[in-house]
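Rule-based calculations on the coordinates, nothing more; no lab input. Keep in mind it's a predicted model, so treat the numbers as computed, not measured. A quick note on method: Cβ atoms are made from the backbone with ideal geometry, for glycine too, and the neighbour counts reach across all protein chains shown.
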Amino acid sequence: MAAVATSCTQVAVPLVAELPQVLSTKSEVTVAEKELALLEVRGMSGEALIKSEFKLSDRVFSVKERIQKTRGIPVWQQMLSFQAEILNDQSRLKELSLPHEDVVFEIVLRSIPAPSLEEMEALVAFGQNVLAGGRNGLGNVSKGEVQECRALTNPRPPVVTICRAVLHLLVGLKQDGSPTNDSWGGCKAMMKNSHFLEQVLELPSFIDEGRLMKKRVVACRKLIDTLEGNSESDKIQIAGRASRMCQQLLRFLFGLVKYYDGVAEFRERFGGATVTDLKSRI
């Protein structure tokens, strides 16, 4: 202890490190100490687009989604910045060292040229070409065949693998995580939905809208790559020995993955805009 002498006695003076931590000012407190952040997004001219509370665990992408929902600005077109730095979509708000109050993001809108009519027609033709066989095949699968597959207690390995691949795609429409149960039990629950085949056939439109997560397509691709056979036609033929429904599902999945890859390359050429957005600009 440091001490200060007087003519009568000695008075102990605590070191600064021993003083109660009451000297922090409000300006030194960050929102990292709170659970929510009140965030405002302003355009370059200063107008407020949104002012809303977000969880600190939210990602920057969640802010963009809120802007799209309330102001109709596509996510792909938004660039958000904070303190003159462009923000990464996957960064969480708690990682940005936000101030205690007056949190303001600025938004800049990308200006991307629209594809020509010929380019868009070429993409549509590509989709029709790679998806036609699978669509036709699934169109001939009856609900009875779905229920027959679902009733299997000990399905053959190709059946389980193909159904798991479909499950990963369908769950990707609702969340950005893995299925909570991708066992045969989870597959049976998926097929219990009376609109199961219709949902599968809608997947190309979800690719067009940018709603099908890349990680789910990657998971699907890995699963179908493990199937027995040296080529796609071999795998489809072998799957048919186990289940006609799964054979048609696999045919559709091969086409769907090709379409996803083609759309991803197309979107990259136009700044990440979805096919749905690009079609509206022609």
Fully extended contour minus Cα-Cα distance, from Lys143 to Ala122, at 0.36 nm per residue = 4.2 nm
So what is the relative contact order for region 34-109, in percent, with contacts set as C-alpha pairs under 8 Å and at least six apart?
-> 40
Expressed in Å to one decimal, the Kirkwood Rh of region 28-130 from all distinct alpha-carbon pairs is 15.3
Scoring region 117-280 by relative contact order with C-alpha pairs under 8 Å, at least six apart, yields a percentage of 36
Full-extension gain in nm, Asn88 to Ser52, via 0.36 nm per residue minus C-alpha separation | 11.0 nm
Cα-Cα separations in the chain greater than 25 Å, expressed as whole percent = 61
Suppose every K and R has +1 on its Cβ and every D and E has -1 on its Cβ; what is the size of the dipole of region 117-280 about the Cα centre, in Debye to the nearest 20?
-> 700
Rounded if a/c is under 1.5, else prolate if a/b beats b/c, else oblate: with a ≥ b ≥ c from the C-alpha gyration tensor eigenvalues square-rooted, which is region 99-213?
-> oblate
Work out how much length Ser205 to Ala151 would gain on full extension: take 0.36 nm times their residue separation and subtract the Cα-Cα distance, in nm to one decimal.
-> 16.5 nm
Relative contact order for the chain using alpha-carbon pairs under 8 Å, separation at least 6, rounded to a whole percent?
-> 19
Tally Lys/Arg at +1 and Asp/Glu at -1 over every other residue whose Cβ is under 14 Å from the Cβ of Ala264; what's the total?
-> +3
Charge-dipole axis of the chain as Lys and Arg at +1 and Asp and Glu at -1 on Cβ define it, positive-most pick from Ser205, Ala48, Phe270 = Ser205
How many times 2.2 N^0.38 Å is the alpha carbon radius of gyration of region 117-280?
-> 1.03
Mind giving me the nanometre distance, one decimal, between the label points for Asp102 and Arg241, set 7 Å out from Cα along Cα→Cβ?
-> 7.3
Rounded, prolate or oblate: which fits region 212-260, taking a ≥ b ≥ c as square roots of the Cα gyration tensor eigenvalues, rounded meaning a/c under 1.5, else prolate when a/b beats b/c?
-> prolate
Roughly how big is the chain's charge dipole about its Cα centre, with Cβ charges of +1 (Lys, Arg) and -1 (Asp, Glu), in debye to the nearest 20?
-> 1080
